[in-house]
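Report on the structure given below.
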Amino acid sequence: MAILDTFYAKGLTSQAAYRNRDEAAFWIRARRNRLLAGWACDLTDEDSQNYLRLLLDADFARVSTSATEGFLMLKIRNDLMGFGIFLSSAELKDVCRRFEQQALLELGADTGV
């Protein structure tokens, strides 16, 4: 019976670790998107609440696929072009990476890591 208890405990530990990684990744993407929305709204004087709501949509933050990330970058880039602000894909990706790093640092500060 002790072996089964050990396997059960190890399974629970693995599930908890997976959930924690998943929640951290979601938090980082959601925070990054919030920072991106604020940055874009500062550049365009757009209503930040509506734009923020769009970028914090669960699909953008919850699903991390290259298609979702590509759509998000295309959306922001096209929105900025509508205001006469032209950024290359590389420039926008750089901004996104900076905000993702900031979100990662904030998560580390919150968790004490």
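The values are calculated or read from the model by the stated rules, or taken from the named source; none is laboratory data. Not measured: the values here are computed from a predicted model. Note that each Cβ is placed from the backbone with ideal geometry, even for glycine, and that neighbours are counted across all protein chains shown. These area figures cover heavy atoms from the full protein model, side chains too; ligands, DNA and RNA do not enter into them. Shrake-Rupley method; radii C 1.70, N 1.55, O 1.52, S 1.80 Å.
Restricting region 58-82 to residues that are loosely packed, with under 12 Cβ neighbours inside 10 Å and not small (G, A, S), which is modelled with the highest pLDDT?
Applying the filter and picking the extreme gives M81.
Scanning region 83-113 for residues being of a type in the set (V, I, T) and at pLDDT 90 or above gives a total of 2. Suppose we filter region 63-79 for residues that are more than 18 Å from R53 (Cβ to Cβ), in a helix (DSSP H, G or I) and not acidic (D, E); how many remain? Total meeting the criteria: 6.
For region 34-57, the candidate set comprises residues that are outside any helix (DSSP H, G or I) and surrounded by 15 or more Cβ atoms within 10 Å (Cβ to Cβ); within that set, the residue that is modelled with the highest pLDDT is E46. Contact annotation: residue pairs with Cβ atoms under 6 Å, 6 or more positions apart or on different chains, pairing a residue in region 95-107 that is open to solvent by less than 70 Å² (accessible area, probe 1.4 Å) with a partner that is in a helix (DSSP H, G or I) and among the basic types (K, R), are F99/R32; A103/R31; A103/R32.
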